[in-house]
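Let me begin by presenting the structure, written as structure tokens, before commenting on it.
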Amino acid sequence: MELEELKKVWNSFDTRLQQQEMLEKVILKESLVSKSDKGLGRMINYGYFGLTLIVFGLFVLIWAIFSFTNRPLPLRIGLYMTLIFCIYGLIQQITGLSKLHKIDLSSPIRENLQRVSSYRIYYHKQFIVMLSSAAILVIPIIISHFFFVKAQIWQWIFLFGALAMGAVGSWWEYRQMYQKNINTIQKSLEEMKELEEE
């Protein structure tokens, strides 16, 4: 009789232990999904913020192009190049947002890992293209300010201050906004995959 009771107690204990382990896995998975969802949400919101800035910039550029028709040629070339740069940025931003929206945390983990990896590669390439284009874009603006506009000291300070802010902003965007959040999402998905495989 004692042996039977001991078996029942042991079985009850074993069942509770399994339930506890299952509960811990569920809580951990929910925590990982929540962490991934926050990172994804931050990137999507920032993407829409960037999209809004680009559209606003396009309107300002179109106004500037029509207003500065009698300005020096290098300045007008700089404006047209900036317009092309913004249009490319708009296309890149829309494409990036569509890739982010494809990451669905209720989909299979393997698919999400592929989508996150695809977005990481896409963003890295686009970041290099955008930085290179921005560097080329600055050349006609500097030439026009040096040779044609005869810029005053405050204009040079403003120009180089804007360039420095753009460089720091780009670095922050890449490291803190995208790379940090993508790493968080990828790490969480990998941990969820390990949980499923256990």
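The values are calculated or read from the model by the stated rules, or taken from the named source; none is laboratory data. Small disclaimer: the values here were computed from a predicted structure and weren't measured. With ideal geometry, Cβ positions are generated from the backbone for all residues, glycine too; neighbour counts draw on all protein chains shown.
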Query raised in the report: For the range 76-120, how many residues are surrounded by 17 or more Cβ atoms within 10 Å (Cβ to Cβ), more than 30 Å from GLU191 (Cα to Cα) and aromatic (Phe, Trp, Tyr)?
Result: 1
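Looking at the range 156-198, which of the residues that are at pLDDT 70 or above and more than 28 Å from PHE127 (Cβ to Cβ) is surrounded by the fewest Cβ atoms within 10 Å (Cβ to Cβ)?
Across the range 156-198, the extreme among qualifying residues is GLU194.
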Requested in this report: Can you tell me which residue among LEU113, LEU51 is closer than 30 Å to SER31 by Cβ, of a type outside the set (Val, Ile, Thr) and under 17 Å from the mean Cα position of the chain (by Cα)?
Outcome: LEU113
